[in-house]
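In what follows, a structure is listed as structure tokens, so that the remarks can point back to it.
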Amino acid sequence: MTSPLTSLISVPLPPRLAQIRDALCTKADIPEIATSSGLTISSVNTYVKRIYALLGVHSRHELMAVYFEERLAEVRALSSRGIDAKIAGGRAGS
């Protein structure tokens, strides 16, 4: 069964938008993302709106669902090729 998010996963994002998307899914707030990215809060908010529009999501929760669905698909692809997902994910020895 295919997830409804599958069609959103294949949307490529430009590097800066991918950076902001990743930060949104791993950091708590916009000001922290702005500071760590060297951007203004207004710029981050603009990027967030563009990311939402490109991926067809309407909230951070939906964005995170797409993000983690994408990560899960990557792990499944690695596993199907016989590669240990822990090692491929950079967590070897932890």
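For the structure I just gave you, tell me whether ALA28 is among the hydrophobic types (A, V, I, L, M, F, W, C) and not in a helix (DSSP H, G or I). Against the criterion (among the hydrophobic types (A, V, I, L, M, F, W, C) and not in a helix (DSSP H, G or I)), ALA28 qualifies.
Which one is nearest to the chain's Cα centre (by Cα) among residues in segment 61-73 that are surrounded by 15 or more Cβ atoms within 10 Å (Cβ to Cβ) and touching a residue at least 12 places away in the same chain (Cβ under 8 Å)?
Checking each candidate, the answer is TYR67.
Filter segment 42-56 down to the residues that are in contact with a helix residue (DSSP H, G or I) (Cβ under 8 Å, 6 or more places away or on another chain) and of a type in the set (A, V, I, L, M, F, W, C), then identify the one that is farthest from LEU13 (Cα to Cα).
The first filter runs over segment 42-56 and keeps only residues in contact with a helix residue (DSSP H, G or I) (Cβ under 8 Å, 6 or more places away or on another chain), leaving 43-45, 47-48, 50-52, 54-56.
The next check asks that each one be of a type in the set (A, V, I, L, M, F, W, C); those that pass are 44, 48, 51, 54-55.
Details: VAL44: 15, VAL48: 12, ILE51: 8, LEU54: 8, LEU55: 9 Å.
Filtering first and then ranking leaves VAL44.
On the given criteria, is TYR52 in contact (Cβ under 8 Å) with a residue 40 or more places away in the chain, surrounded by 15 or more Cβ atoms within 10 Å (Cβ to Cβ) and of a type in the set (Ser, Thr, Tyr)? Write out each step before concluding.
Values: in contact (Cβ under 8 Å) with a residue 40 or more places away in the chain: no; surrounded by 15 or more Cβ atoms within 10 Å (Cβ to Cβ): yes; of a type in the set (Ser, Thr, Tyr): yes.
Spelling it out, it is not the case that TYR52 is in contact (Cβ under 8 Å) with a residue 40 or more places away in the chain, surrounded by 15 or more Cβ atoms within 10 Å (Cβ to Cβ) and of a type in the set (Ser, Thr, Tyr).
Only residues that are aromatic (Phe, Trp, Tyr) and modelled with pLDDT of 90 or more were counted in segment 49-94, giving 1. Looking only at residues in segment 21-48 that are modelled with pLDDT under 95 and closer than 17 Å to VAL66 by Cα, the one that is farthest from the chain's Cα centre (by Cα) is LYS27.
The values are calculated or read from the model by the stated rules, or taken from the named source; none is laboratory data. None of the values given here were measured: they were computed from a predicted structure. FYI the Cβ positions are ideal-geometry reconstructions off the backbone, even for glycines, and counts take in every protein chain you see.
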